[in-house]
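The values are calculated or read from the model by the stated rules, or taken from the named source; none is laboratory data. Just so it is clear, the model here is predicted, and its values are computed rather than measured. Cβ atoms come from the backbone with ideal geometry, glycine included; neighbour counts cover every protein chain shown. Just so you know, the surface numbers come from the protein's heavy atoms only, side chains and all, with ligands and any DNA or RNA stripped out. Shrake-Rupley method; radii C 1.70, N 1.55, O 1.52, S 1.80 Å.
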Amino acid sequence: MEKGNYMKKVVKFGGSSLASPEQFKKVADIIKGEDSRRYVIPSAPGKRYADDTKVTDMLYQCHELKENGKDIKPLLEKIKSRYNEIIKGLGLKLSLEEEFAEIHRQLDAGAGSDYAASRGEYLNGMVLADYLGFEFVDAAEVIIFHMDGTLDVDKTNELLKDCLKSREYAVIPGFYGKLEDGTIHTFSRGGSDITGSLVARAIHADMYENWTDVSGFLVADPRIISNPEIIEAITYRELRELSYMGAGVLHEEAIFPVRREGIPINIRNTNAPEEKGTLIVESTCRKPRYTITGIAGKKGFAAINVDKDMMNSEIGFGRKVLGVFEDNGLSFEHMPSGIDTMTIVVQQSEFVEKEQQVIAGIHRAVHPDIIEMESDLALIAVVGRGMKATRGTVGRIFSALAHARVNVKMIDQGSSELNVIVGVKNSDFETAIRAIYDIFVTAQL
């Protein structure tokens, strides 16, 4: 075992990393391979193969069956067999009979869907703690939510600190905690990432390792780019931009607790532990391998273009236009503008039902010369701290898109020069991403 020089790491493992006895063994090898890996946050067992069902989904189904007055015993038995398969495969003497009886009792008594879903992590935590010889800490004792469902950050931090200062090695299940009245409450899906982040903050960890089934963040979506390059290091700000535009791997809210403490996050691959993965940091002197750090995007936007001569000299014009969107319960994504024009980009699915009220409201509020709308737009974010120091980045994006015969409908660049947002037709989305990837990454390989 490699000694950790008194380092403390929090390690979180996703559902695919804990889906079978074989995966559990890989996880144990990783944890035991370094003494610094002391606090472990497990997810519920994920899919073992493509057509498999996640345990969390089966638990949600149990709750639905109960709500509809149907028998949940067959499905609970199926879930139990998943755990027993893991227990048997690991050679453990652990029995979960009492826990499953209690789950049945609670669901019969009307326990909510959050309680049902949380049991996947709870049971997996018990199995993993038994296998590792670590102490088991029920997350409901240390993760506290206000009655409105928001996290009680201070209380949670205090409880975690008190609980873990006397425990050198512990397993704390992810995804759930409890409300102030004792009712089990969960984060949104993927919330085990947040639990790990909160534990890392509470114990002042040197590193938060997030183990999953990919070797870190990829420069682009692998469904669009074949075998994209891995991002070696990324800042929190870059990650925020990419996550907002749909890049997955880490729950967005997992960033905030560790960022406040300056704790780096390392995204690693359980199935390829020798790979370094992606390091997420506050800031870094490391130069990125490419001018850009990553490309991400989403389809399904609409743009509302408002034209009016001398708009720039009309005080309060922008506020009045945005007020119309606010009055209709719509948030905007981007707002590029010119001297006599402003464009408001919104989610098309949310806007469609209210488009006529919004147009009428803008006419009444600012009396524009013309209002035009464009639908079926995709937004692509090209993100990178290296863009600031490199001349001609935007020019290269335009050149790549022109060469690929993609028409640019909109461009928006923040003053930080950390990202450029390009708007194209939905139908050009994949072509545009490939063109940008090729000019910034493939051309430099």
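For beta carbons closer than 7 Å, sequence separation of 6+ or different chains, a first residue in the stretch 158-175 that is touching a residue at least 12 places away in the same chain (Cβ under 8 Å) and over 13 Å from R201 (Cα atoms) and a second that is outside any loop (DSSP other than H, G, I, E, B) and of a type in the set (K, R), the qualifying pairs are E168/R38; Y169/R38; G174/K12. Checking the stated criteria, I234 turns out not to satisfy the condition of being open to solvent by less than 10 Å² (accessible area, probe 1.4 Å), free of Cβ contacts under 8 Å to residues at least 60 places away in the same chain and either closer than 18 Å to T284 by Cα or part of a loop (DSSP other than H, G, I, E, B) (or both).
Per the listing I370, I380, I421, I436, the residue uniquely open to solvent by 60 Å² or more (accessible area, probe 1.4 Å), of a type in the set (A, V, I, L, M) and in contact (Cβ under 8 Å) with a residue 60 or more places away in the chain is I370. The set of residues from the stretch 78-93 being open to solvent by 40 Å² or more (accessible area, probe 1.4 Å) and under 21 Å from T56 (Cβ atoms) comprises K78, S81, N84, E85. For the stretch 303-324, does any single residue satisfy the condition of being assigned to a loop (DSSP other than H, G, I, E, B), open to solvent by less than 40 Å² (accessible area, probe 1.4 Å) and of a type in the set (G, A, S)? Yes: one or more hits. I'm trying to understand the selection: among the residues of the stretch 206-217, which are within 23 Å of F24 (Cβ to Cβ) and either under 16 Å from the mean Cα position of the chain (by Cα) or open to solvent by less than 10 Å² (accessible area, probe 1.4 Å) (or both)? Listed by number, the residues that qualify are Y208, E209, N210, W211, T212, D213, V214, S215, G216. Kindly establish whether A402 is without any contact (Cβ under 8 Å) to a residue 40 or more places away in the chain, of a type outside the set (S, T, N, Q), open to solvent by less than 50 Å² (accessible area, probe 1.4 Å) and part of a helix (DSSP H, G or I). Taking the combined requirement at face value, the residue does not satisfy it.
Across the stretch 329-359, the qualifying residues are those that are of a type in the set (A, V, I, L, M, F, W, C) and open to solvent by 40 Å² or more (accessible area, probe 1.4 Å), and the one among them that is farthest from T235 (Cα to Cα) is V352. Could you tell me whether H204 is touching a helix residue (DSSP H, G or I) at 6+ places or on another chain (Cβ under 6 Å) and farther than 21 Å from Y290 by Cα? Considered against the rule, which asks whether it is touching a helix residue (DSSP H, G or I) at 6+ places or on another chain (Cβ under 6 Å) and farther than 21 Å from Y290 by Cα, H204 comes out as no.
Tell me yes or no: at least one residue of the stretch 259-276 is of a type outside the set (K, R), closer than 26 Å to D154 by Cα and either touching a Cys at 6+ places or on another chain (Cβ under 8 Å) or in a helix (DSSP H, G or I) (or both). So that I can check it myself, show each step before the final result.
Taking the stretch 259-276 as the starting set, the residues that turn out to be of a type outside the set (K, R) are 261-267, 269-275.
Then drop every residue that is not closer than 26 Å to D154 by Cα, which leaves 261-266.
After this cut, where a residue has to be either touching a Cys at 6+ places or on another chain (Cβ under 8 Å) or in a helix (DSSP H, G or I) (or both) as well, the list is 261.
Yes, some residue in the stretch 259-276 is of a type outside the set (K, R), closer than 26 Å to D154 by Cα and either touching a Cys at 6+ places or on another chain (Cβ under 8 Å) or in a helix (DSSP H, G or I) (or both).
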